Amino acid sequence: MLVLYRKLLVASIRAQMQYKLNFITSAATTGMIMVLDFLILSAILYRFHDVSGWNIYEVGLLYGISSVAVSVYRFFAPEINDFEKYVIHGELDQLLIRPVSPLLLLLTRNLDLSRIGGMVQGISVLILSMVGLYTQGKEIGLLLLFTPVAIVSGGVIYFSIALTTAALGFWTHQVKDLQTFTIYAPANASNYPISLYPGWLKWMFYTVLPIAFMNYVPMLTLLGKAESWYLPLLTPVVAALALVLSLRFWAYGIRHYHSTGS
């Protein structure tokens with residue numbers, strides 16, 4: 001299965017790279033849009049100095065991890081993000097008759113190479129934030145070691161939420177509207193400390209949409225805001241659990257999918 005995935009992935013990348021100028025402009029545009037987002041956030045922090053006890057460099061870590069994680073998810077799974085068309089227009093029927101997992105086919109279609117710009121932007125914010133923390137006298141060794149774990153786990157968490165949202169489309173046929181509440185709003189919320197939000201919303205970010213475990217929870221320990229040493233360990237554990245549950249729900253949805261008949 002992994003060999004087949006690799007071959008399909010390479011083929012998709014080669015197809016995308018036939019249009020090199022389009023790749024460069026798309027990546028640059030995506031990166032610039034995300035740079036503007038962080039500049040707005042920086043301006044707010046510069047005016048108020050901190051957000052709920054988190055300074056600009058600490059919030060930069062939250063933002064950078066979330067930014068790269070979202071970009072990784074959107075890079076590898078653009079068709080999951082655009083799954084609504086497969087259900088409404090019957091395109092999923094074409095995948096179901098092939099002797100390969102439909103999810104595997106979706107994950108190797110039309111990779112969004114423009115998201116590389118978002119990855120570069122997010123990594124740049126992470127580097128600047130860590131340099132800033134280092135100049136303030138904070139130890140960043142564990143941060144450097146943990147950041148790749150947080151990014152991969154965050155990408156898995158976003159993918160799991162997106163896959164669950166896509167699977168709901170088997171019954172609702174409305175994926176785009178749901179993504180506003182399950183992907184886009186949580187992605188923006190994860191740029192800030194979760195402590196900012198009201199109790200019911202925090203509960204959502206710790207359970208149904210577990211984005212808090214991607215960056216906020218582990219950073220409580222790594223930035224010295226909590227003494228619980230085990231919090232960073234929860235990040236990969238929650239990511240793995242979210243992935244397993246989403247895959248099972250997806251499989252359940254596939255079994256109950258009714259063809260459009262087209």
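FYI, it's all coordinate maths here, none of it is from the lab. If you're wondering where the values come from, they're calculated on a predicted model, not measured in any experiment. A quick note on method: Cβ atoms are made from the backbone with ideal geometry, for glycine too, and the neighbour counts reach across all protein chains shown.
Odds and ends about this structure:
- Where residue 100 falls short, out of the listed (1) hydrophobic (A, V, I, L, M, F, W, C); (2) crowded, with 19+ Cβ neighbours inside 10 Å; (3) over 30 Å from residue 134 (Cβ atoms): (2)
- Among residues that are closer than 30 Å to residue 52 by Cβ, basic (Lys, Arg) and in a loop (DSSP other than H, G, I, E, B), residue 225 is included.
- Among the candidates 149, 217, 208, the residue that is hydrophobic (A, V, I, L, M, F, W, C), over 12 Å from the mean Cα position of the chain (by Cα) and in a loop (DSSP other than H, G, I, E, B) is uniquely 208.
- Hey, residue 66 closer than 30 Å to residue 257 by Cα, of a type in the set (Ser, Thr, Tyr) and assigned to a helix (DSSP H, G or I) or not: no
- Yes/no for residue 169 being part of a helix (DSSP H, G or I) and more than 20 Å from residue 232 (Cα to Cα): yes
- Residue check for residue 235: part of a helix (DSSP H, G or I), crowded, with 19+ Cβ neighbours inside 10 Å and in contact with a Leu (Cβ under 7 Å, 6 or more places away or on another chain): no
- Search result, residues across the stretch 106-125 that are in a helix (DSSP H, G or I) and over 26 Å from residue 61 (Cβ atoms): 106, 107
- The single condition among (1) surrounded by 13 or more Cβ atoms within 10 Å (Cβ to Cβ); (2) farther than 24 Å from residue 166 by Cα; (3) without any contact (Cβ under 8 Å) to a residue 40 or more places away in the chain that residue 230 does not satisfy is (1).
- Remark: pairs (first residue in the stretch 245-259, over 12 Å from residue 171 (Cβ atoms); second residue surrounded by 17 or more Cβ atoms within 10 Å (Cβ to Cβ); Cβ separation under 6 Å; 6+ apart in sequence or on different chains) = 246/160; 246/163; 246/164; 250/163; 250/167.
- Criterion: more than 24 Å from residue 92 (Cα to Cα) and out of contact with any Phe, Trp or Tyr (no Cβ under 6 Å at 6 or more places or on another chain) - qualifying residue of 168, 178, 196: 196
- Long-range neighbours under 7 Å by Cβ, at least six apart or interchain, first residue touching a residue at least 40 places away in the same chain (Cβ under 8 Å) within the stretch 198-212, second among the aromatic types (Phe, Trp, Tyr): 211/205
- Residues located in the stretch 175-197, provided they are in contact (Cβ under 8 Å) with a residue 12 or more places away in the chain and charged (D, E, K, R): 176
- Counting the residues of the stretch 152-166 that are under 10 Å from residue 246 (Cα atoms) and either not hydrophobic (A, V, I, L, M, F, W, C) or not in a helix (DSSP H, G or I) (or both) gives 3.
- Residues that are buried (at least 17 other Cβ atoms within 10 Å of the Cβ) and over 20 Å from residue 101 (Cα atoms) occur at least once in the stretch 167-176.
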